[in-house]
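The values are calculated or read from the model by the stated rules, or taken from the named source; none is laboratory data. All figures in this text were calculated on a predicted structure; none of them were measured in a lab. Cβ placement follows ideal geometry from the backbone for every residue including glycine, while neighbour counts extend to all protein chains displayed. Side chains included, ligands, DNA and RNA excluded: accessible areas come from the protein's heavy atoms. Shrake-Rupley method; radii C 1.70, N 1.55, O 1.52, S 1.80 Å.
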Amino acid sequence: MTSILSSSPSTFLPSFTSHSYLHPKPLFHSHHHHLNLTTQQHFTPLRVNSTLSMDKEIPQSQRPLTFLKQSESDSSSTIRARFEKMIRETQDSVCNAIESTDGGAKFKEDVWSRPGGGGGISRVLQNGAVWEKAGVNVSVVYGLMPPDAYRAANPSSSSSSPPSPVPFFAAGISSVLHPKNPFAPTMHFNYRYFETDAPKDAPGAPRQWWFGGGTDLTPAYIFEEDVKHFHQTQKSACDKFDPSFYPRFKKWCDDYFYIKHRDERRGLGGIFFDDLNDYDQELLLSFSTECANSVIPAYIPIIEKRKDLPFTDEHKAWQQLRRGRYVEFNLVHYFTKIS
């Protein structure tokens, strides 16, 4: 067994605080009762989803070529159109890879529209040979954002809440992938783009935009070679654009997925960024695209290596406890944000 605990920022592993990590021991030793939980992630890429989701989703019989307005769909060169194209192609490629790895199970697809503008495609695969549950969802929504939602979506704004609703556009892809085998890690990724226009009563004010997203790995059991492969793939994607991206976004991921009351992180990190608009818009679109394209090569080789390893009921119970921690982080993070 090899110790993979490291506090060096130059290594791929996060700097853990009060725990010992040995290969292939379970991640985060605990004496708590095993939790028989299987998380069901809500795949909405918007931080303002609690306000915008008041519009009832309307089921559709088939997916449209685009969820953009007709006036915008005529131009494929806009950031909005190219980002939608990217997330829908990513959804297709990831779902194809998941189905191919499983060898039998297929995704169930639901297409929906939003009365206020836009819609999305939700895909879920469950109870397969390899996958316990996998969800890959995209949404492209737009309309008018209430002032309170604007403030929540743009906390860095120096102005007070705008006096009237603000036109907005938001698009994203979000996914959580849960394998059956306890030795195969869970992975989460999401990439999103957000715009707000000037309030209706303030014509001429500049449009604001930003990108966000990330990809992170949550194993129940650690294999050092898997962690290195995953992080090296993230680093390679980042280094194509800026050598500062990987260390910056890796630390951001380590800090973000931290369960404070347990003094532990949700998993073994990856990359994470939000409210990113301090670079050229074209560069950040290309960067988000590269990160999304790195999902399959970062993750599927690990699954292929671990999906058929023999395991016991004890291994499965530990996996379920770690899934419980996954749910716990999401709940604590959500209620912290709205409190």
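Would you say Arg88 is basic (Lys, Arg), modelled with pLDDT of 95 or more and within 28 Å of Trp131 (Cβ to Cβ)? Step through it out loud before you land on a result.
Working: basic (Lys, Arg): yes; modelled with pLDDT of 95 or more: yes; within 28 Å of Trp131 (Cβ to Cβ): yes.
Yes, satisfied.
Taking the condition of being among the charged types (D, E, K, R) and at pLDDT below 90, how many residues in region 174-213 meet it?
Qualifying residue count for the region: 4.
Please count how many residues of region 83-132 are under 21 Å from the mean Cα position of the chain (by Cα), over 18 Å from Ser294 (Cβ atoms) and assigned to a helix (DSSP H, G or I).
The number of residues fulfilling the criteria is 2.
Within region 241-253, which residues are under 12 Å from Phe287 (Cα atoms) and surrounded by 14 or more Cβ atoms within 10 Å (Cβ to Cβ)?
Phe241, Phe245, Tyr246 - these are the residues of region 241-253 that are under 12 Å from Phe287 (Cα atoms) and surrounded by 14 or more Cβ atoms within 10 Å (Cβ to Cβ).
For region 257-269, what are the residues that are of a type outside the set (A, V, I, L, M) and open to solvent by less than 70 Å² (accessible area, probe 1.4 Å)?
The answer is Phe257, Arg262, Asp263, Glu264, Arg265, Arg266, Gly267, Gly269.
How many of the residues making up region 270-291 are open to solvent by less than 10 Å² (accessible area, probe 1.4 Å) and either modelled with pLDDT under 95 or closer than 13 Å to Met187 by Cα (or both)?
2
Return the residues of region 78-104 that are open to solvent by 20 Å² or more (accessible area, probe 1.4 Å) and more than 22 Å from Gly213 (Cβ to Cβ); say none if nothing qualifies.
Glu99, Ser100, Gly103, Gly104 - these are the residues of region 78-104 that are open to solvent by 20 Å² or more (accessible area, probe 1.4 Å) and more than 22 Å from Gly213 (Cβ to Cβ).
Tell me which residues, restricted to region 218-236, are under 24 Å from Leu285 (Cα atoms) and surrounded by 23 or more Cβ atoms within 10 Å (Cβ to Cβ).
Once the filter is applied, which keeps residues that are under 24 Å from Leu285 (Cα atoms) and surrounded by 23 or more Cβ atoms within 10 Å (Cβ to Cβ), region 218-236 yields Phe230, Gln234.
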